[in-house]
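Novice: After the C-alpha cells below, expect a handful of questions from me.
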Amino acid sequence: MVSTTVLLLTGLIMVIAAGVPKPFLCVDQMEINSTEAALKSALFCGTSYNPRYRPVKYQQDRLAMYIGAEVINVEKVRNDDSKLEITLELLMQWYDAFLHWNKRTSGNIETINVAEQDLWTPTFAAKSFQKSPRIQSTKQCSRVKCHLSYDGEVIYTVLCTFKVDCYTEPRYWAFDTKICTLRIYSVEYDTNQLSLFHFQRRLSYPSYPLLPYKITSFQMATVNSTMSPEFRMDIVIERLIGSHLVVFLVLIVIFCLLNLFSLWFNINSSARTIAVVLGTVMQSMFLVILYWYGIVKMKPVISLAHLLLGTFAFGAIACGWTYFVRGQISTRKRFTTCPRAVAQVIGFLRKNRPLASFLSIGYLNGTGMDGKLANDWDDTHVQPNTPAVEGQEHQQDYDMTCSGNEESDVKWQDVVQALDRIFFCAMLTAYLLMFIVYVF
C-alpha cells in the first residue's frame with residue numbers, strides 16, 4: 001500500500017514537473033562549444049536576470065510594447081452560427097533592458113533564438129467585445145517564437161485560436177456578413193506598467209481567400225485609457241450566399257415568363273386558366289414572403305420585393321383581362337360587340353405590314369380566331385401593292401372599324417388575339433424597364 005502511494009506521488013510530481021517550463025540550463029564554461037551558446041550563457045547565467053519581472057530598469061517605469069495581428073484562418077463553430085473560430089498570429093515587440101550585448105565582441109551575432117521561458121513574455125486574456133462570459137488566454141497559444149536582438153529588441157510571435165462572438169450585418173445581402181470584435185487585454189499589468197501601441201508596419205489579413213469566408217475589413221487599435229491596456233480588433237468577414245440572390249431572381253424571372261406566355265394560350269383554353277390563376281396565386285404568396293423576409297431579416301430584399309410587386313401587378317392584369325374577355329364572349333347581352341375605339345386602334349395598326357403579320361400570329365395551343373379582322377387582312381394580303389388597292393384597303397379598314405355596334409360586325413372574339421399580342425409587347429417592355437431600373 002505504501003509503495004503504491006509512493007508510485008502515485010512520484011508520477012504526479014513528474015507530470016507537474018513536465019508542465020512547468022524549465023529555466024535556462026546553465027552549463028560549465030568548458031562544455032560550451034559555440035559562440036551563440038556562450039552568449040546565451042552570459043545573458044541568462046552570468047546575470048541576475050529573472051524572467052518573472054518586467055524587463056525595465058526601475059519598476060515604476062512603463063514598458064512600451066508594439067502589437068499587431070494577422071488572420072490565418074476562419075472557421076465556423078459547429079452548431080453555433082453566432083461564433084467563429086479565428087486563428088491569429090500575434091506579433092509583439094518590446095525592448096528588454098537587461099538582455100543586450102556588444103555584437104563586435106560576440107562574433108557579430110545580431111539575433112539569437114531563445115526559449116519562451118528564458119525571458120519575460122506577456123500573458124494576455126482574450127474576450128469578445130460582445131457580452132460573452134467566456135475568457136480565453138494566450139497561454140493556450142502554440143508555435144511560440146522568440147527572437148532577441150543585440151540591442152535588447154524582442155520579437156515575440158504566437159499562433160492563437162479564439163472563439164469570437166459575431167453578429168450578422170444585414171445591409172450587405174446577399175452575403176453572409178459577420179462583424180467580429182475581439183479584445184486582447186492584460187490581466188497582470190495596468191496602463192502605468194504596460195502601454196500597448198499598434199505596429200506601424202502593415203499587418204492585416206492575407207491576400208488569399210479564407211474559405212469559406214473572405215475578410216473584407218480588418219481594423220486594429222490599442223486602448224490605454226482603461227485600467228488594463230487593450231488591443232482591439234474589428235474583423236468583417238463575408239461569405240457569398242449566391243443561393244439567396246439566385247433563387248429570388250430566378251423565381252421572379254420565371255413569374256415574368258409565366259405572365260408573358262399565358263397570353264400565347266387560347267383565351268378559352270384550360271392552359272390559359274392554369275397559367276394565369278397559378279401565376280397570380282404563387283406570386284401573391286411569394287410577394288408576402290419576400291416582404292416579410294426583407295423587413296425582418298434583410299432590408300436589401302425589399303428592392304427585390306418591389307420588383308416582384310410590379311410583376312404581380314402585370315400578372316393580375318393578365319388574369320383580369322382573361323376573365324373579362326371570357327365574360328364578354330360568353331354573354332348574350334349587348335356588350336358582346338367590341339368598342340369602336342378598340343377596333344379603330346387595331347385597324348390602324350394593321351395598316352403596317354410587319355405589325356399586321358405579328359398581330360395575326362396564332363396561339364400556341366390552336367390557330368387564331370377566324371375573326372373579321374384576321375380574314376380581311378388575309379384576303380387583301382395577296383393583292384398587288386398599288387395605290388388604288390391600298391386606298392381600297394384603307395377604306396375597308398375604316399368601314400370595318402367604324403361600322404358601329406348596330407351592324408355587330410366587330411365582336412370581342414374578332415379582336416382578342418390582336419389585343420393579346422399588344423398586351424404581350426406592352427408587358428415585355430415594362431419588364432425590361434423594371435429590370436434595367438433594378439440593375440442600375
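The values are calculated or read from the model by the stated rules, or taken from the named source; none is laboratory data. These figures come from a predicted structure and were not determined experimentally. Cβ coordinates were reconstructed from backbone atoms using ideal geometry, including for glycine residues, and neighbour counts include every protein chain displayed. Just so you know, the surface numbers come from the protein's heavy atoms only, side chains and all, with ligands and any DNA or RNA stripped out. Shrake-Rupley method; radii C 1.70, N 1.55, O 1.52, S 1.80 Å.
Novice: Hey, could you check the range 116-153 for residues that are among the acidic types (D, E) and open to solvent by 50 Å² or more (accessible area, probe 1.4 Å) and say which is nearest to W94 (Cα to Cα)?
Specialist: Step one: filter the range 116-153 for residues among the acidic types (D, E), giving 116, 118, 151, 153.
With the extra rule that they be open to solvent by 50 Å² or more (accessible area, probe 1.4 Å), the set shrinks to 116, 151.
Working: E116: 14, D151: 11 Å.
Among residues in the range 116-153 that are among the acidic types (D, E) and open to solvent by 50 Å² or more (accessible area, probe 1.4 Å), the one nearest to W94 (Cα to Cα) is D151.
Novice: Okay, next question. For the range 122-156, enumerate the residues that are within 20 Å of L63 (Cα to Cα) and either of a type in the set (A, V, I, L, M, F, W, C) or under 32 Å from the mean Cα position of the chain (by Cα) (or both).
Specialist: F124, A125, T138, C146, L148, V154, I155 - these are the residues of the range 122-156 that are within 20 Å of L63 (Cα to Cα) and either of a type in the set (A, V, I, L, M, F, W, C) or under 32 Å from the mean Cα position of the chain (by Cα) (or both).
Novice: Enumerate the pairs (first residue in the range 347-366 and touching a residue at least 60 places away in the same chain (Cβ under 8 Å); second residue anywhere and open to solvent by 70 Å² or more (accessible area, probe 1.4 Å)) with beta-carbon separation below 8 Å, excluding pairs fewer than 6 apart on the same chain, so at least 6 apart or on different chains.
Specialist: The qualifying pairs are L349/L355; L364/F261.
Novice: May I pose another question? Hey, which of the helices (runs of 4 or more DSSP H) in the range 276-378, taking only ones fully inside, have at least 2 residues that are at pLDDT 85 or above, open to solvent by 20 Å² or more (accessible area, probe 1.4 Å) and over 25 Å from V416 (Cβ atoms)? Walk me through how you get there before you give the answer.
Specialist: On the way: elements: 301-330, 340-349, 353-359.
Here the list reads 301-330.
Novice: Looking only at residues that are assigned to a loop (DSSP other than H, G, I, E, B) and either aromatic (F, W, Y) or surrounded by 19 or more Cβ atoms within 10 Å (Cβ to Cβ) (or both) in the range 393-440, which one is modelled with the lowest pLDDT?
Specialist: V410
Novice: Being open to solvent by 50 Å² or more (accessible area, probe 1.4 Å), at negative phi and outside any loop (DSSP other than H, G, I, E, B): is that true of I86 here? Working first, answer last.
Specialist: Working: open to solvent by 50 Å² or more (accessible area, probe 1.4 Å): no; at negative phi: yes; outside any loop (DSSP other than H, G, I, E, B): yes.
When the stated conditions are applied, I86 does not pass them.
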